[in-house]
Ligand SMILES: Cc1ncc(COP(=O)(O)O)c(C=O)c1O
């Protein structure tokens, strides 16, 4: 049986979530914009999904925009706010460790004359709120800082950051909470953000559906044109089953989170202890202010891709930096920003646990991962002949890492 330690890439869809979605893929299939009974039933369910997500986020139903995922939520917030704010200014402040769904969107906006200020981070991947404050000018319209990093799990000091932004009238704050949402209780009243992005597939919901929370009264220019869905903010017939799936998964996550966080943190620590006992390994990201399920390391003199392949052959699905970086020859922009030289950054490995990770999974991982790392580090002829020590008697089957 294979062991899935790549929950930061995506999580399995929960059975209860699928069950909640199925009626909206079958009998209640109406278009929420239709006036007849089918449409009204779909509309009622969609309205309910808005209410349920809003309740979880401490928001109002009208502040919830369903999107096709975290990427679209980020694009809508950034492009929407940039174009709506262009008359007031053109500066947008962000960090050097954002997900590409933010970083590449801002690079696109740069081509249209927006000035993008990318704040450096410290060795742990954290933004300094004072440096952020210094980067705010009268021409600044938007700040985008993630709550937790997808590669190293570091949690940003979002309270002090929001405070600095709020002190300057007219600057909007976007928080990419896609990676944080499964683990951190999000309340938009505490976050004091104007935009918050989340995605269902990170908390056992379906892929291809996300939410952009938009504070009421915040103005954006829609990025997709057509019908008047989502209060004119996102045209297109709604993914009703997806919205129901997101709402259901997020509610279940909220109920179970305290127990899951404590259990998974303990499991992660057990794994960290075993992995970091291997010579030449180092934890990346913040030692404490980090997501409970995420263990990211650098193993010197290894190639993270080779380690991930070797683990895959032993039945453990892990990833190098982030799923998006897998297979690419570029080293992680996150590790580079944190000051790791290219040769060290190449040895990065991310193991991410989820609610469904069992103690038995970790029992196997604490044996296999250090052994694979140690053998690849040695890089001897003997290792080449017998790459993984074959000490497990074939206990671990071989499966490929899901895309
Ligand atoms: C921090 C962060 N932002 C945005 C995204 C993109 O979300 P999606 O895969 O739903 O488009 C991800 C996905 O890995 C992420 O980790």
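The values are calculated or read from the model by the stated rules, or taken from the named source; none is laboratory data. Please read all numbers here as calculations on a predicted model, not as lab measurements. Counting neighbours? That spans all protein chains shown, and the Cβs are built from the backbone with ideal geometry, glycine included.
Worth pointing out:
- Out of 42, 35, 49, 59, sole residue that is out of contact with any helix residue (DSSP H, G or I) (no Cβ under 7 Å at 6 or more places or on another chain) and modelled with pLDDT of 95 or more: 35
Quick grid of which residues meet (1) more than 24 Å from the chain's Cα centre (by Cα); (2) in a loop (DSSP other than H, G, I, E, B); (3) within 16 Å of the ligand (Cβ to nearest atom):
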{"residue": "266", "(1), (2), (3)": "no, no, no"}
{"residue": "302", "(1), (2), (3)": "yes, yes, no"}
{"residue": "311", "(1), (2), (3)": "no, no, no"}
{"residue": "330", "(1), (2), (3)": "no, yes, no"}
{"residue": "343", "(1), (2), (3)": "yes, no, no"}
{"residue": "354", "(1), (2), (3)": "no, yes, yes"}
{"residue": "361", "(1), (2), (3)": "no, no, no"}
{"residue": "367", "(1), (2), (3)": "yes, no, no"}
{"residue": "374", "(1), (2), (3)": "yes, no, no"}
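Residue by residue, here is whether (1) under 14 Å from the mean Cα position of the chain (by Cα); (2) more than 23 Å from residue 58 (Cα to Cα) holds:
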| position | (1), (2) |
| --- | --- |
| 130 | no, yes |
| 147 | yes, no |
| 155 | yes, no |
| 171 | no, no |
| 177 | yes, no |
| 192 | no, no |
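- Residue count for region 67-110 under the criterion of being touching a strand residue (DSSP E or B) at 6+ places or on another chain (Cβ under 7 Å), within 16 Å of the ligand (Cβ to nearest atom), closer than 30 Å to residue 241 by Cβ and in a helix (DSSP H, G or I): the result is 8.
- Boolean, residue 306 is surrounded by fewer than 17 Cβ atoms within 10 Å (Cβ to Cβ), more than 16 Å from the ligand (Cβ to nearest atom), under 30 Å from residue 49 (Cα atoms) and outside the structural domain of residue 186 (by TED's automatic domain parsing): no
- From the options 90, 99, residue that is modelled with pLDDT of 95 or more, buried (at least 22 other Cβ atoms within 10 Å of the Cβ) and under 29 Å from residue 232 (Cβ atoms): 99
- Residues satisfying the stated conditions in region 158-184, i.e. touching a residue at least 40 places away in the same chain (Cβ under 8 Å) and in contact with a helix residue (DSSP H, G or I) (Cβ under 7 Å, 6 or more places away or on another chain): 172, 174, 176, 178, 179, 181, 182, 183
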